[in-house]
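Colleague: Have a look at this one.
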Amino acid sequence: MTTAATPAAPATHWRRFRVLYLLIAVCAAPVLASYYLYYFDPPAGRTNYGELVQPQRPVPAGLPTTLQDGSAFDLRSLRGNWVMVMADQSACAADCQAKLWKMRQLRAASGKDAERIERVFLVLDNAPMDTQLLREYDGTHFLRAPAAALDSFLALPPGGSLRDHIWMIDPISNQMLRWPRDADPKRVRNDLKRLLKASRIG
């Protein structure tokens, strides 16, 4: 008596989802290649300024961010762009305004690649924002976000503060780079230029 052979489940699964897997690989490859070229195959004599976030941190699905009018805003909706992120109080003292200025100038200095970059200010309290500040930095996404929710998302060095840094989120919504407090704009610009050049996604 012969017994009919049962098709191998893994092979059937692979054939069914083959196109999906290939699509995911094609989308992810440029970003992964940019990381490799940027961090593991640098030209001789080059040092990286920003610190790589390891492991990468995906933007959480339930991150409670809202616009200034209180309506919900999903940070993942900026997927497809490189996103510079800072966090600070609504009063936005001098060091806060310095970060806003750096992000605006860095984007402007990217020339034809400027449209690939978004800027986000995560406001840590519910106090009103200065209207003049909102106008001056038009184009920045000013989002309310409780500090407790950000503590588990934005990577910090030992003893670091959410108000110290600027982070980079890649086009597939992974937080991947953190610049130091009082970051040197020229060195940040060099990092940003290399990332944009190495990756054609976003």
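Colleague: Nearest 0.05, what FRET efficiency do Ala147 and Asp113 give at R0 = 30 Å with Cβ-Cβ as r?
Modeller: Plugging the Cβ-Cβ distance into 1/(1 + (r/R0)^6) gives 0.40.
Colleague: Carbon-plus-sulfur fraction of the accessible area of the range 88-175, 1.4 Å probe, in percent?
Modeller: 51 percent
Colleague: To continue, here is another question. Leaving out ligands, DNA and RNA but keeping every protein chain, what accessible area does Val188 have, in Å² rounded to the nearest 10, with a 1.4 Å probe?
Modeller: 10 Å²
Colleague: Net charge around His141, counting only other residues with Cβ within less than 12 Å of its Cβ (Lys, Arg = +1; Asp, Glu = -1)?
Modeller: Value of the local net charge: -1.
Colleague: According to a simple spin-label model (label point 7 Å from Cα along Cα-to-Cβ), what is the distance in nm between Thr131 and Ala94?
Modeller: That separation, rounded to one decimal, is 2.7 nm.
Colleague: Let me ask something else about it. Report the semi-axes of the equivalent ellipsoid for the range 85-202 in whole Å, largest first, where each axis is √(5λ) for an eigenvalue λ of the Cα gyration tensor.
Modeller: One finds semi-axes of 22, 17, 13 Å for the range 85-202.
Colleague: Another question about this same structure. Using a 1.4 Å probe, what is the accessible area per residue for the range 74-128, in Å²?
Modeller: For the range 74-128, the per-residue accessible area is 43 Å².
The values are calculated or read from the model by the stated rules, or taken from the named source; none is laboratory data. If you're wondering where the values come from, they're calculated on a predicted model, not measured in any experiment. Backbone-built Cβ (ideal geometry, glycine too); neighbour counts: all protein chains shown. Accessible surface is based on the protein model in full, side chains and every heavy atom, while ligands, DNA and RNA are left aside. Shrake-Rupley method; radii C 1.70, N 1.55, O 1.52, S 1.80 Å.
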